[in-house]
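In what follows, a single structure is set out as structure tokens and then discussed.
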Amino acid sequence: MSPIRFSVARALLGPLAAAALCITLGAGCTTTRARVNDATREVVARNDQGEEEVTYRIGSVPGDWRRVDVADGPDVAWQVGDTGVLVHVYHACGRNMDSPLPALVQQLLIGFTDREFVEEETIPFDGREARHVLVRAKLDGAPVLIELFVLKKDGCVYDLSMVGAHDRVTALRPTFRAFVDGFHSERTPLARAAEGR
């Protein structure tokens, strides 16, 4: 498995275990990969070397979303109330980000079995095209529903996902879509290079 593929797959799988651990231990968990300004909804995310890499804005975060800490995982992740649903945003930048959007989606779903695509479309998103999918699958034998948006922009790939039990994810889809619709990429390494910085 390539390093890119592993890191993207880990972004989706890691939060589930980490969120469960945070909830079980009653720990106050926060993200370690990014700095989030709750007032402006600006996220400054670091790369794997700990250097600031991208800046983007996210949509409004409902009051019942609790941020959870996922080491080596997404930029930022939330547990949605007591539903068991997890929402996350992840980025990766570099020369190996030229895979087509459908291939990037498949990479994210590594580790899930019995996959069934309920919805699959390419949509306009943040001035580019993104792949949007809704997938029924199993994780360690447990059925889950995954809603996923994957965007390639300025040398980086962003994925925004929601994962949990079918009925709970279905009920939360309008809230998640409002969150996704507020996403906007602002600064990437490619944009900084074009500015001469």
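Considering the range 48-88 alone, what residues qualify as being of a type in the set (D, E, K, R) and over 20 Å from residue 125 (Cα atoms)?
48, 51, 52, 53, 64, 66, 67, 69, 72, 82
If you scan the range 139-178, which residues turn out to be β-branched (Val, Ile, Thr), in a strand (DSSP E or B) and farther than 30 Å from residue 94 by Cα? Even if it seems obvious, please write down each step before you answer.
Narrowing the range 139-178 to residues β-branched (Val, Ile, Thr): 144, 146, 150, 157, 163, 169-170, 175.
Next cut, in a strand (DSSP E or B) only: 144, 146, 150, 157, 163.
The one that is β-branched (Val, Ile, Thr), in a strand (DSSP E or B) and farther than 30 Å from residue 94 by Cα: 144.
Does residue 67 qualify as being over 15 Å from residue 162 (Cα atoms), of a type in the set (Lys, Arg) and at pLDDT below 95?
On the way: over 15 Å from residue 162 (Cα atoms): no; of a type in the set (Lys, Arg): yes; at pLDDT below 95: yes.
So residue 67 does not fit the description; no.
Give 124, 100 a once-over and let me know the one that is without any contact (Cβ under 8 Å) to a residue 12 or more places away in the chain and under 18 Å from residue 185 (Cβ atoms).
Just a single option satisfies the conditions, and that option is 124.
Only residues that are free of Cβ contacts under 8 Å to residues at least 60 places away in the same chain and in contact with a Pro (Cβ under 7 Å, 6 or more places away or on another chain): list them for the range 137-187, please.
166
Among (1) at pLDDT below 95; (2) of a type in the set (A, V, I, L, M, F, W, C); (3) assigned to a strand (DSSP E or B), where does residue 110 come up short?
With respect to (1) at pLDDT below 95; (2) of a type in the set (A, V, I, L, M, F, W, C); (3) assigned to a strand (DSSP E or B), residue 110 is out only on (3).
The values are calculated or read from the model by the stated rules, or taken from the named source; none is laboratory data. Computed from a predicted model, the values in this text were never measured in an experiment. Here Cβ is always computed from backbone atoms with ideal geometry, including for glycine, and neighbour counts include all displayed protein chains.
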